[in-house]
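This report concerns only the one structure given below.
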Amino acid sequence: MATLVFLEHHQGELLKPSLGVLSKAAELDGDVAGVVLGSGVKEVASGAGAYGAGKVYVADRTELERPLPQPRVDALAKLFQEQDFDTVLFAASVLSADVAAGLSARLGAGLNWDLTDLVQENGNLVGKRPALGDSVYVDVGWSAEPRLALIRAGTFEPKQTDGEAEVEEFDVEFEDFSLQATMVEQAHAESEGPSIEDADVIVAGGRGLGSPDNFKLVEELAQALGGAVAATRAVVDAGWYPYATQVGQTGKTVSPKLYVACGISGAIQHKVGMQSAGTIVAINKDPNAPIFEFCDLGVVGDLHEIVPKLTELVRSRKR
Amino acid sequence: MKIAVCVKHVPEGTTHARIDPQTKRLDRSGEGAINAFDTHAVEEALKLKEADGGEVLIVSMGPQSAQDSVRKALAMGADSALLISDEGAAGSDLVATTTALAAALEGEEADLVLFGQQSSDSDGAVLWAAVADRLRRPVISQVAELAVSGGKVTGKRQTEFGYDTIEAPLPAVVAVSDAINEPRYPSLKGIMGARSKPQRTVSLSELGIDSGAAGEGGSKTVVQGLNDPPPRGDTVKIEDDGSAAEKIVDYLAERKLV
Ligand SMILES: Cc1cc2nc3c(=O)[nH]c(=O)nc-3n(C[C@H](O)[C@H](O)[C@H](O)COP(=O)(O)OP(=O)(O)OC[C@H]3O[C@@H](n4cnc5c(N)ncnc54)[C@H](O)[C@@H]3O)c2cc1C
Ligand SMILES: Nc1ncnc2c1ncn2[C@@H]1O[C@H](COP(=O)(O)O)[C@@H](O)[C@H]1O
C-alpha cells in the first residue's frame, strides 16, 4: 500500500485527529506519507515524522492560507499526477469532508466515510463503518484504486515515535472556480463561558426545548443535580445557547458520570461528543429518536412535563 | 433567480431502516419520507424566492416512490421538480450519485444549488462538495445563516474552531445546516396544488449517462459484510404515564447518581 494522510493544521499545529489517523496508517502495510497544505507551513509539516510519516508533501501557497476546501482539492489532484498513492485517509472535520468529497469527484475515486477502524483482510483494505445510527456495523471496501476514506472524529489516538520525515514541496495550479469562494471572516470561539469538560453531571438541551427561554428548564435541573448545562449544534447555531457549551463533533467531547439529554435527537455528530458518559438518560417525545438506541434510560414523553417535575423531585430529595 | 434544491427520499424513522442482508443495500421497501434535513434547504429556497422573486426547482434521485418526497417539497411551495429515476441507478455510491445529479443540474443552469445538512440514512454530509467539483462551482457547506445579494452568496458556518463567514459569486452550491430555519408545513392548498405543478422524471440515458457509470457498476465502494453492533448494557425504555419523573429519580438513586 502507498498511503497518503491529509494532515490538517490550525494555528501552527498539526491537529490531533489527523495525527491519530497518521499513526493508524503507519500500522498498516506499506509506505505512509503525509500532506500539509497551507501558507507558511513547512515547519509544521516536519512534525509529522514523529507520528509515522516517512515523507511529508507540502504545498505552501497564499491561496491555501484559509481553510477552504476547493483549492485543496486542486493541490491533492496535482500531487496525484506526480506520485503513486493508492489510498488517501482523512480525519473527519468540516474542512476535510469537503476536501475528500471534492477529490472523490475529481479522481472518480470511491469514498467511504464515518469509519471507526481500518483493517487489512487478505491483502485488502476494509473499513468498519457503524451505520444507521450505529445500529449495524458495515464492512466497506473499494472496487478500485485510489481508495479514499474519512475516519470518524476522535477514533485514533496519535502515537509518537522517534521517526523523522523528509519534507518535499510540490507545485499547484488552481482552477478558477476553486478560488471563487473567499473567507470574509474567521471568528474564533470565545473560550469564556462555563467549562463543561470537567463536570460530573451534564444536563443537555436540544431543539426539542422549543425556544431559547426553555433552557431555564435545563438550567434548573442542572443546578438541582449539581451539574453543568450543554447544548447541541442546532441550538447553538440558532443562537439559543453559547458555543462553549456545545457537545459533539465540532464542539466539546465530554465523559461525565451522568448525561441527561432533553429534546435531543441523538445525531451521530452529537453522539461522538458524549458516548463515553457513564449513564445516559434521554427524554424525547419521538419513540423512534436515534438517541434511544444508545441511552441507558430512555423516556418517551414531553420534556415540558417531565423536566420540571424531575427538578422538583431532585430538589426535595436534597432537603 | 433560479434555485435548485436537492432532496432525498429516505426510509422513514432512522432506527427502523435496515440493510437487506441479501443485496447489502438499504431496504427501501418500507415507508419513506423526505429527508428532514432537506426540508430546511427547501424552506431557505422559498424564503429567498419570497424576498427576491425567482423559481424553485426540486431535484432528486431515487426510486419511483421518491415522488412522495418530491411532492412534499412542491406542497411546501416549490415550483417544479425533476426526478432521476432508473432501475440502473440502484446501489449508486457517492461517485455514481453525483455523476447523475451533476448531469441533471448541468442542464438546469440554476444560480444557486442548495443541499441539506446530511441524509439521515447515510449521514455522509459530503455530497455537495462532489457535485460542486463536477459543476465547477464554488461551494459553502454547513451554512447556518445565508444571504444573497448583488450576485453573491454569503454563508456563516460553524467549524471546530468557531465561525467562518464565506462569500462566493453566483452560480454557487450551498449546503445548509438544520439550524438555519424552521421549515413550514405544507398548507392544504399547497398539498392540493402540488399535483398540477410541472414534474419530470428522467432516466440515466436521457441524462447522457451510460449504464457503466451508474448504479453498482459505476460505484467505487462496496459493502462487504454486515455485523451486529458490539453488545452494550441493557437499555431501559419507558413511556411517560405521568410517573416518568419518579422513575428517573429511582433509576438515578439506584445508581447513586442523585
Ligand atoms: C459536520 C457536522 C458537524 C456537526 N457537529 C455537531 C456537534 O458538534 N454537536 C451537535 O450536537 N450536532 C452537530 N451536528 C448536527 C447534528 O447532525 C444534528 O443536526 C444536531 O445534533 C441536532 O440537534 P438536536 O438534537 O437539538 O435537534 P433535532 O435533531 O431537531 O432534535 C430535536 C429532538 O427533540 C425532540 N422533541 C421535540 N419536542 C419535544 C418535547 N416537547 N419533549 C421531548 N422531546 C421533544 C424531537 O423528537 C427530536 O428528536 C453536526 C453536523 C454536521 C454535518
Ligand atoms: N439521492 C439524492 N437525490 C437528491 N439529493 C440528494 C440525494 N442524496 C443526497 N442528497 C442531498 O445531499 C445532501 C447530503 O447528503 P449525504 O452526503 O448523503 O449526507 C442531502 O441533504 C441532500 O440535499
More than 13 Å apart - percent of Cα-Cα pairs taken over the range A:205-252
51 percent
Cα-based Rg then Dmax for the range B:1-72, in Å, read 14.5, 50
In whole Hz and in residue order, list the ³J(HN,Hα) couplings for the range B:66-78 that follow from phi through the Karplus curve 6.51 cos²θ - 1.76 cosθ + 1.60, θ = phi - 60°; x for Gly and Pro.
5, 3, 4, 6, 4, 5, 4, 5, 5, 5, 5, x, 5
Distance histogram for the protein assembly as shown (every C-alpha pair counted, 10 angstrom bins, percent rounded to whole numbers):
3, 17, 27, 27, 18, 6, 1, 0
Quarter of Cα convex hull surface for the range B:182-228, i.e. mean projection, nm²
7.7 nm²
Could you tell me which of rounded, prolate or oblate describes the range B:81-145, using a ≥ b ≥ c as the square roots of the eigenvalues of the alpha-carbon gyration tensor, with rounded for a/c under 1.5 and, failing that, prolate when a/b is larger than b/c and oblate otherwise?
oblate
Amide H to amide H, which residues 5 or more places from B:Ala33 or on other chains are under 5 Å from it, using H placed in the peptide plane?
B:Val10, B:Glu12
The Cα radius of gyration of chain A, divided by 2.2 N^0.38 Å with N its residue count, comes to 1.11
How crowded by other chains is A:274-281, given as the mean number of beta carbons from other chains within 10 Å of each beta carbon?
2
Theoretical FRET efficiency, 1/(1+(r/R0)^6), r = Cβ-Cβ of A:Ala144 and B:Arg136, R0 22 Å, to 0.05:
0.40
Size of charge dipole - the protein assembly as shown - debye, nearest 20, with Cβ of Lys, Arg +1 and Asp, Glu -1, no other charges:
1460 debye
Normalised by the residues of chain B, what does the relative contact order come to in percent, with Cα pairs under 8 Å and at least six apart?
23 percent
The percentage of the accessible area of chain B (probe 1.4 Å, all protein chains present) made up of carbon and sulfur atoms, to the nearest whole number, is 49 percent
Please give the direction-averaged projected area of the C-alpha convex hull for the range A:245-297, in square nanometres with one decimal.
3.2 nm²
Which values of log₁₀ I(q)/I(0), to two decimal places, follow from the Debye formula for the range A:175-319 at q = 0.10, 0.11, 0.14, 0.21 Å⁻¹ with a uniform point scatterer at every Cα?
-0.35, -0.41, -0.62, -1.32
Using a 1.4 Å probe on the protein heavy atoms only, what accessible surface does B:Glu254 show? Give it in Å² to the nearest 10.
140 Å²
Could you work out the percent of alpha carbon pairs in the range A:2-80 separated by over 21 Å, rounded to a whole number?
21 percent
Using the Karplus equation 6.51 cos²θ - 1.76 cosθ + 1.60 (θ = phi - 60°), what ³J(HN,Hα) coupling, rounded to whole Hz, does each residue of the range B:243-258 give in order, writing x for Gly and Pro?
10, 4, 4, 4, 5, 5, 4, 4, 4, 5, 5, 4, 9, 6, 9, 9
What is the Cα coordinate range of the range B:57-100 on the first, second and third principal axes, sorted by size from largest, in whole angstrom?
30, 17, 11
5 angstrom amide H check on A:Val167, placed H, neighbours 5+ away
A:Val56
Treating every alpha carbon of the range A:140-189 as one equal point scatterer without solvent, the Debye formula yields log10 I(q)/I(0) values at q = 0.17, 0.26 Å⁻¹ of -1.28, -0.98
Taking N as the number of residues in the range B:115-160, what is its Cα Rg relative to 2.2 N^0.38 Å?
1.25
Convex hull (Cα only) mean projected area of the range B:8-125, reported in nm² to one decimal:
7.3 nm²
In terms of modelled amide H atoms, which long-range or inter-chain residues lie less than 5 Å from the amide H of A:Thr279?
A:Leu258, A:Tyr259
If one takes the longest principal axis of the Cα atoms in chain B, at what angle in degrees, from 0 to 90 and to the nearest 10, does the Cα axis of helix B:36-52 lie?
40 degrees
If the viscosity is 0.890 mPa s and the temperature 25 °C, what translational diffusion coefficient in µm²/s does Stokes-Einstein give for the range A:1-133 when Rh comes from Kirkwood over Cα pairs?
164 µm²/s
Model label zone, A:Glu13; criterion: amide N under 14 Å from point 7 Å along Cα-to-beta-carbon; scope the range B:137-172
B:161
Kirkwood Rh in Å, taken over all unlike Cα pairs in the range A:95-227
20.3 Å
Which value results for Rg/Rh of chain B when Rg is the Cα radius of gyration and Rh the Kirkwood radius based on the inverse mean 1/r?
1.03
Whole-Hz ³J(HN,Hα) from phi, Karplus 6.51 cos²θ - 1.76 cosθ + 1.60, for the range A:270-282, glycine and proline x
7, 4, 4, x, 9, 5, 8, 4, x, 10, 10, 10, 10
Once both labels are modelled 7 Å past Cα along the beta-carbon direction, what's the A:His188-A:Lys285 spacing in nm?
4.2 nm
Can you pick out the pairs among A:Lys159/A:Lys271; A:Lys252/B:Lys256; A:Lys257/B:Lys156; B:Lys47/B:Lys189; B:Lys47/B:Lys237; A:Lys252/B:Lys2 whose Cα atoms lie more than 29 Å from each other?
A:Lys257/B:Lys156; B:Lys47/B:Lys237; A:Lys252/B:Lys2
Compactness check, the range B:208-258: C-alpha Rg relative to the 2.2 N^0.38 Å globular estimate gives 2.45
Computed for B with A: buried accessible area summed over both chains, 1.4 Å probe, rounded to 100 Å², at 7300 Å²
Cα extents of the range B:150-207 along the principal axes, largest first, in whole Å, come to 45, 35, 27
Quick check: pseudo-label points 7 Å beyond the Cα along Cα→Cβ at A:Glu175 and A:Glu197, how many nm apart are they?
3.8 nm
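The values are calculated or read from the model by the stated rules, or taken from the named source; none is laboratory data. The model shown is predicted, which means the values in this text are computed figures rather than measured ones. Every residue, glycine among them, receives a Cβ derived from its backbone with ideal geometry; neighbour counts consider all protein chains shown. The protein model used for the area step is the full one, side chains on, heavy atoms only, and it has no ligands, DNA or RNA in it. Shrake-Rupley method; radii C 1.70, N 1.55, O 1.52, S 1.80 Å.
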